[in-house]
1. Taking segment 148-185 as the search range and keeping residues that are in a loop (DSSP other than H, G, I, E, B) and of a type in the set (D, E, K, R), which one is modelled with the highest pLDDT?
2. Tell me which of these V147 doesn't satisfy, since it passes every other one: (1) exposed (fewer than 14 other Cβ atoms within 10 Å of the Cβ); (2) closer than 23 Å to E54 by Cβ.
3. Against the condition more than 20 Å from T514 (Cα to Cα) and not in a helix (DSSP H, G or I), how does C426 come out, does it pass?
4. Of all residues in segment 433-442, count the ones that are closer than 15 Å to Q402 by Cβ and either β-branched (V, I, T) or assigned to a loop (DSSP other than H, G, I, E, B) (or both).
5. Can you pull out the residues in segment 58-101 that are touching a Pro at 6+ places or on another chain (Cβ under 9 Å) and either free of Cβ contacts under 8 Å to residues at least 24 places away in the same chain or among the β-branched types (V, I, T) (or both)?
6. For V291, only one of the following conditions fails: (1) in contact with a Leu (Cβ under 6 Å, 6 or more places away or on another chain); (2) surrounded by fewer than 22 Cβ atoms within 10 Å (Cβ to Cβ); (3) not hydroxyl-bearing (S, T, Y). What is its number?
7. Report, by residue number, each residue of segment 240-287 that is in contact (Cβ under 8 Å) with a residue 40 or more places away in the chain, of a type in the set (S, T, N, Q) and not in a strand (DSSP E or B).
Amino acid sequence: MWMRPQRGGSVPGAGTLAIPAAMFDELASGGGDPAAMAFLNDVERSRRLILLREVMSHCAVSPEPAVGPLLSLDRAWDALISAENASKEVVDDILLSPTIGIWIGHMLRRLGGTARVQAPLWVDAGHIFAIGAAAAVRAGTRLDVRVPVRNGGIMFPTLGLALVGTASPNRAEPDFTVADVTVANGRITVACGRGHMEVEPKRGVRSAHWLGLRECEVAAGSHRVRLLVDDVDPFRELSEPAEPDRLANADFDRWDSLIAQAVKLLQEEHEYSLAAFSKVMRSLVPLPGPVVEPVRSASSGDAFGSMLASRPPDAVSMAETMIHEFQHVKLGALLHLFPFLEHDDHPRWYAPWRPDPRPLSGLLQGAYAFLGIAQFWQARRACVHGRESARAEFEFALRRQQIWQVLKVLRDCPLLTGPGRRFVRCMTASCTTLFGDRVPTGVARAAWMANMSHRVEWRIRNLSCSADTKSAIREAWHRRDIAMDTAIRPLLTVADDVVVWFDGRYRMYRDLVTFGPCAVVEECESDNSDPCAAADRLLVAGNADEAGAGYIRRLRESPFDHRAWSGWILARATAAPKYRRLLKFPELILEGISATGSSTFEDLEEYVEWLCLPRRVLV
C-alpha cells in the first residue's frame, strides 16, 4: 500500500512522490530507518528543484530588476547542470544543504512581498551564481560568472565565505557590489573593483581572504555523523539573511567535543535514532548566549537537515537537543508531502513545554518532538545507574504525561486531514506503549507535580475569563452564593500581554528525584535573588505549609505575582484535598482581586475559601 500526497506528483529525477504506508506509520510513531531517511532526502531534493525553477520564473517577470549588474540567471542553472554531469553526488549534496532551502524560502517570501528586505533583489537572487560556483569547485568544472558581494563577503554554500579585498563582513551599513569569479582546478579567483585575489576554498581553513566552514565528523560504530558548524552563511538562520558570527577556535572545540560525546552516547543508548540522524542532519548553527538550561534550539521546514542551538551544558543535553530538532526536521519533510491540518487556528492552545499559547500546528510539532525525547529517555533508563537513572526515570515520566495531554486535544481536532488523523493515531499508539513501562511511585508523583506546576502557572499567566463570566462571579461572590449556576462557565480568552517565562520548579522536581529533598532545601538557603525561590524549594521538598506561608508573604507585597499565586495554589492543593478544585481553573483566583474590590491577601483568601466550598459548581 502506498500513500500519495494530496499535492505534487511527478518531479524531474525523482519519479512519483509516494510513500509506503508502513514507512509513513513508522515515521509517525517517532522512528524512521535509513530507508525512510533516504526517501525524505529524495523528497527534499525534488522539492527544491521545483521551487528553484519557480524562483527563477518569478524573477524573470519581477517588476524589480532581479539581474541588475549580473548575468542571466540561466547561466547559474547551466552551471549546476554542468556540475551535475561531472558529479551528481556533489550537486545533490549542495541542493540538500539547509542554507539552500532557507535561501529559496526567503526568495519566495520576497517575491511574494512578505520578506523583510535589506538588499536589492539582484543581491538576493544572484546568490544562485555563488551556488553554481560552489558546485563547480566541488565537481571540478570550470566557470566564469559574476556574483553579488554582500557586505564585503561572498558565501560559497557548503564551503565558506570569501572576504573581498580588505572589506569587513561586519559593517554597520549594508554594502552591495559585484565581483567577477573564475573557478578552475578547484580554486577560486575573485576580481572586485581594483582588488584581485585567489583562494583555495577548503573547509576548516582560515586566511586573510577566506573563512572556511568547519565540520564536526564523528565515527561511532558503523555510523558516521558529519555536521557543518555554520557561523558564516548569511542564509544559515531560519528566515532573513544574517551577518557572519565566527566562533572562536576554543568555542568551536567545545562544540566539537560536545557533539562527539553526544554521538557516542546515542550510539550506545539509542542507536536506532543515530542511524537515521546520520543520514539527514547536515549542519548545526550555534546560537549566542549563556550555557544554561533550557537549551534554546530551533529548526524549520525550509532548513531540512539543520538545527540551531545554544551550547548545551553537557553531552546528555546535547544528545537530547539533537533528537528534539531531528524530530522537527522529519515532520517538516512529511508536511511537504501532506497537509495534516485543513487550516490552522490562532494561538490559543496549551502546550506543556511552552510559556505561550500555541496554534494547532505548534501542538503537533511539539508532540512529535517530545515523543522522540520520551523515547530517548526510555532507552536511557536501561543504560544508566544511580543518579543518572533517577533523572532518566523522571524525564521519561514527565514527557509521556505531557505528550498524552496534547494528543487528547489533537485526537479530537476536526481540522485534521486524513493523513493528519493517521499520523496522530500512530503517535497515540506509540505514546500508549510508553505507559506500559512502570516508574517508581515517587518519581511519578514528582513528574505529575512538575507537569501541574507548569499548567497552573500557564493558565494564570495566559488566560482570563470573559466579561460575562467575570460579572457573574462578582455577583455570586457579593451574595456569597453557596452554589453557582451550572450554565456559568469560565469562557476563556487569551490575554494580550503574553510574557515569556520559565517554570523553574521543573528543574527543582528533577533535582528532588535525582539528589533527594535535602539537596533541594539546602540550595534554597543560598538563593536570595528570586522572591519565590525559597518557597518553591520548600514546596518541592514536601513542606507545603511552610511553602504556602512563603507565598503569602510574597503576595502581601505583590498581589499580582503569577508565580507566587501558582505556587500557593499548588501548596494548598498538596496540603488539603478541598483546594484541588483550584487546579482546574486557577485563573479564577485573580478574578478575586476585582470581585472583592480589595488587593489585600486576607480578602483574597476569603474569596478562595468561597470558591472551594464543597457544593460549588464551576463547570
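1. D175
2. (1)
3. Considered against the rule, which asks whether it is more than 20 Å from T514 (Cα to Cα) and not in a helix (DSSP H, G or I), C426 comes out as no.
4. Within segment 433-442, residues that are closer than 15 Å to Q402 by Cβ and either β-branched (V, I, T) or assigned to a loop (DSSP other than H, G, I, E, B) (or both) number 2.
5. Answer for segment 58-101, where residues must be touching a Pro at 6+ places or on another chain (Cβ under 9 Å) and either free of Cβ contacts under 8 Å to residues at least 24 places away in the same chain or among the β-branched types (V, I, T) (or both): I94, T99, I100.
6. (1)
7. Q261, Q267, S273, S278
Every residue, every condition in (1) over 18 Å from L51 (Cβ atoms); (2) among the basic types (K, R); (3) part of a helix (DSSP H, G or I), yes or no:
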residue: D92; (1), (2), (3): no, no, yes
residue: G101; (1), (2), (3): no, no, yes
residue: G105; (1), (2), (3): no, no, yes
residue: R110; (1), (2), (3): no, yes, yes
residue: G113; (1), (2), (3): no, no, no
residue: A130; (1), (2), (3): no, no, yes
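The values are calculated or read from the model by the stated rules, or taken from the named source; none is laboratory data. Please read all numbers here as calculations on a predicted model, not as lab measurements. As a convention, Cβ positions derive from the backbone with ideal geometry for all residues, glycine included, and neighbour counts pool all protein chains shown.
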